[in-house]
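Notes follow once the structure below has been shown.
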Amino acid sequence: MKKIISLAFVVLTLFVFSGCSKQEPNVAVNDIMEDIKNQIAKDMKAAGVPEDSFKDGKLPGILQIDFTSEESDPMIENMLELLNKEDIEQGIGLVQMMNVKSDQIFVLKAADESKVSILKEALEKQKEKQEQIWSTYLPDQYEKVKNNIIKVNGKYLIYITYDNPEKIEEIFDNFLNEK
Amino acid sequence: MLKSSNKIIISIFILFLLSINIVNMYIPDRRFSQLENRMLAQKPKLSIKNLISGRFTKKFEEYVTDQFPFRDFWGGIKSDVERLTLKTINNGIFFGKDGYLLEDYKKPDKQLIENIKIINDFANRLPNISVHLLLVPNSVKIYEDKLPLFASPYDQLKTMEKVKEGLNPNIDFVDVYDTLKNRNDEYIYFKTDHHWTMRGAYYAYKQFAETMGIKPYDIEDFTSQIVSNTFYGTFYSKANNRHLSPDAIEIFRPKSDITYKIYYADEDRYSNTLYELRHLDKKDKYSVFLDGNHSLMTIKTNIKNNKKIVIFKDSYSHCFIPFLANHYEEIHVMDLRYYKLDAHKYIKEHDIKEALFLYSVSSFDTDGNINLLR
């Protein structure tokens with residue numbers, strides 16, 4: 001009887017421990033971004049953007065940039081000035097093509113743990129830049145910049161300037177905490 | 001035993017605390033403060049996650065501060081006290097003489113050098129295009145005699161000198177400093193806003209046209225009209241100094257009959273006027289000029305001279321472009337803070353042969369978006 005109980009304990013402890021050891025999440029940044037884009041599409045439709053402007057999974061008026069792209073593009077350098085390609089494994093941004101709106105979302109995965117703080121700095125610099133652009137123009141857009149969220153989870157970082165940043169943050173959290 | 005005078009003091013104190021709270025509960029929340037020109041914090045949503053992260057508490061504090069009863073009234077008292085204690089600067093805005101608010105100007109950092117380099121590269125990459133740079137000094141330089149005692153902003157002339165020296169000889173630097181300085185007895189800058197007035201822009205236009213070999217129109221060739229007498233600009237909101245008179249907005253319309261067709265590409269919308277008068281009912285009245293900031297707009301006129309120009313700009317250009325529009329068939333106006341597509345391609349596609357960079361000094365040396373032209 002004792003043996004059975006102790007065995008049961010051992011098994012239980014193993015389970016408990018395996019539950020504790022947090023698994024390093026391994027999620028593709030692209031997958032997170034796809035879910036974020038679905039959320040944005042939903043919000044845009046709710047705001048009255050017609051259905052037929054969403055063609056082949058693209059959001060109207062929004063430019064998707066891949067920070068790991070090989071081509072040298074001033075746009076990419078302009079967006080996150082302090083970002084070095086070597087510091088990231090993956091990175092995608094959503095920015096306004098030409099709308100006078102402050103919405104911007106970036107999801108980055110650091111190449112390794114040591115780069116996380118450097119990337120965070122790059123994102124904070126971006127926030128400063130947005131502050132500068134919007135603090136004297138369009139109070140409603142500036143409000144979004146003030147409510148900006150920069151969050152780090154393991155090797156993943158997210159930057160959100162959006163009407164409802166919490167919604168996007170939740171998608172990010174769910175992805176990294178579940179898997 | 002409590003003295004009766006103490007009792008009175010205590011009850012007044014308690015009554016004060018309670019009444020503020022009660023009023024706070026019953027007055028409706030405001031979304032926007034006209035006076036401060038900003039959105040006010042709204043009641044945050046309570047959730048466990050927000051509470052743990054500390055975001056709820058932070059937001060709630062902002063909410064209470066922003067929605068405090070009679071907020072504008074208390075703000076006014078603060079402004080009065082500051083005036084009585086002879087405060088001369090608030091939020092980087094000097095309280096100048098004769099009702100002038102002037103923004104402090106700091107020594108530029110490396111962004112200035114960077115921007116000069118980008119314009120040089122731009123001109124080198126497009127050798128067939130004539131490139132001009134018009135830097136407009138800010139009111140803090142033109143009206144430096146109005147600065148309060150001991151105010152010492154960095155000299156904008158030094159910045160302009162540096163730009164002039166750094167530019168390649170194939171770029172034409174239009175120096176309007178003397179022109180504006182000599183006219184500073186006229187109403188060429190707003191007192192409560194960070195922009196120049198359309199009258200100020202006229203003198204710069206006149207000089208610019210002459211350097212371009214265009215014959216500028218005389219100021220008498222335009223009818224001038226004051227469209228608002230109640231304009232309180234961005235400096236006013238920043239400075240929180242309530243004892244100032246508002247600015248007036250003057251617009252100029254050519255007496256000759258020129259027609260314009262303006263296309264706001266970001267909103268996919270057409271207009272036939274350079275002045276959107278509906279903005280006069282709002283806080284940001286400067287948007288009357290070309291409808292405020294747009295990432296890309298084109299102005300087509302009935303002047304068939306096949307002349308086209310692209311303008312990279314900040315909002316100083318908005319009251320300058322209406323003058324220039326009388327000499328061009330097409331003007332393409334690009335704001336690199338918002339336009340994130342390929343500008344080089346755009347210039348090629350539209351077969352444009354002239355480019356003008358028009359910025360105020362303080363925004364030129366801090367704008368990190370010009371590097372999109374690389």
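Within the stretch B:258-271, residues that are under 16 Å from B:ASN293 (Cβ atoms) and touching a residue at least 40 places away in the same chain (Cβ under 8 Å) have Cβ atoms under 7 Å from residues that are part of a loop (DSSP other than H, G, I, E, B) and not β-branched (Val, Ile, Thr) in these pairs: B:ASP266/A:MET98; B:ASP266/A:ASN99; B:ASP266/B:HIS294; B:ASP266/B:SER295, counting only partners at least 6 apart in sequence or on another chain. Residue count for the stretch B:126-144 under the criterion of being assigned to a helix (DSSP H, G or I) and either of a type outside the set (D, E, K, R) or over 22 Å from the mean Cα position of the chain (by Cα) (or both): the result is 3. The set of residues in the stretch B:268-294 that are buried (at least 18 other Cβ atoms within 10 Å of the Cβ) and more than 11 Å from chain A (Cβ to nearest Cβ) comprises B:LEU274, B:TYR275, B:HIS279, B:LYS285, B:VAL288, B:PHE289, B:LEU290. Only one entry in B:GLN67, B:GLN42, B:GLN34 is polar (S, T, N, Q), under 30 Å from B:PHE231 (Cα atoms) and crowded, with 17+ Cβ neighbours inside 10 Å, namely B:GLN67.
When residues of the stretch B:274-303 are filtered for being among the basic types (Lys, Arg) and assigned to a helix (DSSP H, G or I), how many remain?
Counting residues in the stretch B:274-303 that are among the basic types (Lys, Arg) and assigned to a helix (DSSP H, G or I) gives 2.
For the stretch A:59-72, filtered to residues that are in a loop (DSSP other than H, G, I, E, B) and in contact with a strand residue (DSSP E or B) (Cβ under 8 Å, 6 or more places away or on another chain), the residue that is nearest to the other protein chains (Cβ to nearest Cβ) is A:GLY61.
Scanning the stretch B:1-55 for residues that are of a type in the set (A, V, I, L, M, F, W, C) and within 30 Å of B:ASP281 (Cα to Cα) yields B:ILE27, B:PHE32, B:LEU35, B:MET39, B:LEU40, B:ALA41.
The single residue among A:ASN78, A:ASN99 that is facing chain B (nearest Cβ under 9 Å) and within 27 Å of B:LEU40 (Cβ to Cβ) turns out to be A:ASN99.
Report yes if some residue within the stretch A:139-151 is in a strand (DSSP E or B) and within 19 Å of A:GLN90 (Cα to Cα); otherwise report no.
Within the stretch A:139-151, the subset in a strand (DSSP E or B) is A:149-151.
Right, trim to within 19 Å of A:GLN90 (Cα to Cα) and you get A:150-151.
Within the stretch A:139-151, one or more residues are in a strand (DSSP E or B) and within 19 Å of A:GLN90 (Cα to Cα).
Filter the stretch B:216-232 down to the residues that are out of contact with any Pro (no Cβ under 9 Å at 6 or more places or on another chain) and not in a helix (DSSP H, G or I), then identify the one that is nearest to B:MET39 (Cα to Cα).
Residues of the stretch B:216-232 out of contact with any Pro (no Cβ under 9 Å at 6 or more places or on another chain): B:216, B:218-220, B:224-227.
If we keep only those that are not in a helix (DSSP H, G or I) too, we end up with B:216, B:218, B:224-227.
On the way: B:PRO216: 43, B:ASP218: 43, B:SER224: 34, B:GLN225: 32, B:ILE226: 29, B:VAL227: 27 Å.
Across the stretch B:216-232, the extreme among qualifying residues is B:VAL227.
Can you find a residue that is among the hydrophobic types (A, V, I, L, M, F, W, C) and closer than 30 Å to B:LYS282 by Cα anywhere in the stretch A:57-75? Scanning the stretch A:57-75 turns up at least one residue that is among the hydrophobic types (A, V, I, L, M, F, W, C) and closer than 30 Å to B:LYS282 by Cα. Those residues that are outside any helix (DSSP H, G or I), of a type outside the set (D, E, K, R) and in contact (Cβ under 8 Å) with a residue 24 or more places away in the chain, I need them from the stretch B:184-215; list them, please. Once the filter is applied, which keeps residues that are outside any helix (DSSP H, G or I), of a type outside the set (D, E, K, R) and in contact (Cβ under 8 Å) with a residue 24 or more places away in the chain, the stretch B:184-215 yields B:ASN184, B:TYR187, B:ILE188, B:TYR189, B:PHE190, B:THR192, B:HIS194, B:HIS195, B:TRP196, B:THR197, B:ILE214. For beta carbons closer than 9 Å, sequence separation of 6+ or different chains, a first residue in the stretch B:104-125 that is outside any helix (DSSP H, G or I) and a second that is of a type in the set (Phe, Trp, Tyr), the qualifying pairs are B:ASP104/B:PHE94; B:ASP104/B:TYR154; B:TYR105/B:TYR154; B:LYS106/B:TYR154; B:LYS107/B:TYR154; B:PRO108/B:TYR154; B:PRO108/B:PHE364.
Listed by first and then second residue, the pairs linking a residue in the stretch A:74-86 that is on the phi < 0 side of the Ramachandran plot and surrounded by fewer than 16 Cβ atoms within 10 Å (Cβ to Cβ) to a residue that is in a loop (DSSP other than H, G, I, E, B) and among the β-branched types (Val, Ile, Thr), with Cβ atoms under 8 Å apart and 6 or more places separating them unless they lie on different chains, are A:LYS85/A:THR68.
Tell me which residues, restricted to the stretch B:8-48, are of a type in the set (A, V, I, L, M) and either outside the structural domain of B:THR65 (by TED's automatic domain parsing) or within 34 Å of the chain's Cα centre (by Cα) (or both). Reasoning before the result, please.
Let us first name the residues in the stretch B:8-48 that are of a type in the set (A, V, I, L, M), namely B:8-10, B:12, B:14-15, B:17-18, B:20, B:22-23, B:25, B:27, B:35, B:39-41, B:46, B:48.
B:ILE27, B:LEU35, B:MET39, B:LEU40, B:ALA41 - these are the residues of the stretch B:8-48 that are of a type in the set (A, V, I, L, M) and either outside the structural domain of B:THR65 (by TED's automatic domain parsing) or within 34 Å of the chain's Cα centre (by Cα) (or both).
Applying the condition of being assigned to a strand (DSSP E or B) and in contact with a helix residue (DSSP H, G or I) (Cβ under 6 Å, 6 or more places away or on another chain) to the stretch B:70-103 and asking which residue is surrounded by the most Cβ atoms within 10 Å (Cβ to Cβ) yields B:LEU102. Residues in the stretch A:111-146 that are at the interface with chain B (Cβ under 8 Å from one of its Cβ atoms), touching a Lys or Arg at 6+ places or on another chain (Cβ under 9 Å) and farther than 20 Å from B:ALA41 by Cα: A:ILE133 alone.
The values are calculated or read from the model by the stated rules, or taken from the named source; none is laboratory data. Just so it is clear, the model here is predicted, and its values are computed rather than measured. Methodologically, a virtual Cβ is constructed for each residue, glycine included, from the backbone with ideal geometry; neighbour enumeration extends over all protein chains shown.
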